[in-house]
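Here is the structure we will look at, set down as structure tokens.
Here, each number is a calculation from the coordinates, and none is a lab measurement. As the structure is a computational prediction, the values presented were derived from the model and not from experiment. Glycine also receives a Cβ, built like all others from the backbone with ideal geometry; neighbour counts cover every protein chain displayed.
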Amino acid sequence: MKKLSKTLFLFFLSLNMLGFPFGFPVIQSQNLTSVEAKAKNLGSAKKLKGNTIIISIFANDKQTKWNIKKKEDTTYMSNTLKDLRIATTWISTKAKKYKTTSKFVYDWSKNKDLKYHAVFKNNLIEPYGAYYHKQINYIKKNIKINALKKKYKADNVIFMFFFNTTHTKNDVRSWTYSTICDSSIYYEITNIYNYFDNGNFSYFTPAATYAHEILHSFGAPDLYYSNSMISQKYVNYLKSIGSHDIMYTVNLGDKITCQFTELDAYYTGLKKTAKDVKKWNLGKSEHF
Ligand SMILES: [Zn+2]
């Protein structure tokens, strides 16, 4: 029993990196004017509050594609709805604990204008937001954002690109490019690679990763490596306590067993302070 729980624990930790690091300077920050800097650009998803629409974009690229005539592929597509439901329900429940109503509209089977198909010539199974500009060009050309925001009374918009990596040897983890990576951007995008396989272990991207990526758009940083907001000391501390913070680690399966901590609440704008920020000298929330 003890051995089993240790194995599970190690497996849990090994999944730390299901979400991809942010903050790599692939996209150069444009110099903000003082007015822009003052306006504090929070991107298309601001506080974790009010109504959020998630726009699903099923993307083909040089190596991967969705074949809507294939049962296998349509099943994978439908599975994204299941994972979005689990992830958004979990987030809404956590927000409620901070007396905040946070609702998500994502169901493209009911709302056809929340689902798109994109074709890219490049290989987009890449880390770091490598083709961010190509992806936002697609959004600008094909999605009537203002009309959708009005229709759904949306405060926030998240653009989620889905790639069918089941038939490739994919070792790129899902990632999000948001204002915590580059404070001058507007479009907060997530790339979900539905299948991961690095030769050692493989998995279908779980609902917990969806939740982790969505929280990035609202301002939560990764906690499993040091970055501009999180010190190595804090990462070591989380490791030493076996943290289950969803920004530190995620779990497989259809039930999210990770924690939404006070620190996540702080970074997503639900709580004005978090004791770990002062104690560990962590970066400031984009919201306060
Ligand atoms: Zn992440």
**Index of the failed condition, residue 185 passing every other in (1) over 24 Å from residue 132 (Cα atoms); (2) of a type in the set (Val, Ile, Thr); (3) in contact (Cβ under 8 Å) with a residue 40 or more places away in the chain** = (1)
**Prompt:** (1) surrounded by fewer than 22 Cβ atoms within 10 Å (Cβ to Cβ); (2) away from the ligand (no atom under 16 Å from the Cβ); (3) under 30 Å from residue 56 (Cβ atoms): which one isn't true of residue 281, the others all being true?
**Reply:** (3)
**Prompt:** Out of the residues in the range 189-206 that are more than 14 Å from residue 76 (Cβ to Cβ) and away from the ligand (no atom under 11 Å from the Cβ), which is surrounded by the most Cβ atoms within 10 Å (Cβ to Cβ)?
**Reply:** 191
**Asked** Of all the residues that make up the range 207-257, how many are surrounded by fewer than 19 Cβ atoms within 10 Å (Cβ to Cβ), touching a residue at least 60 places away in the same chain (Cβ under 8 Å), in contact with a Pro (Cβ under 7 Å, 6 or more places away or on another chain) and under 23 Å from residue 93 (Cβ atoms)?
**Response** 1
**Item:** Residues satisfying the stated conditions in the range 245-266, i.e. of a type in the set (Asp, Glu), outside any helix (DSSP H, G or I) and either within 15 Å of the ligand (Cβ to nearest atom) or within 12 Å of residue 223 (Cα to Cα) (or both)
**Value:** 245
**Request:** Please report, ordered by residue number, the strands (runs of 3 or more DSSP E) entirely within the range 98-182 with at least 3 residues that are within 16 Å of the ligand (Cβ to nearest atom).
**Result:** 156-163, 175-177
**Asked** Condition test on residue 272, is it part of a loop (DSSP other than H, G, I, E, B) and more than 14 Å from the ligand (Cβ to nearest atom)?
**Response** yes
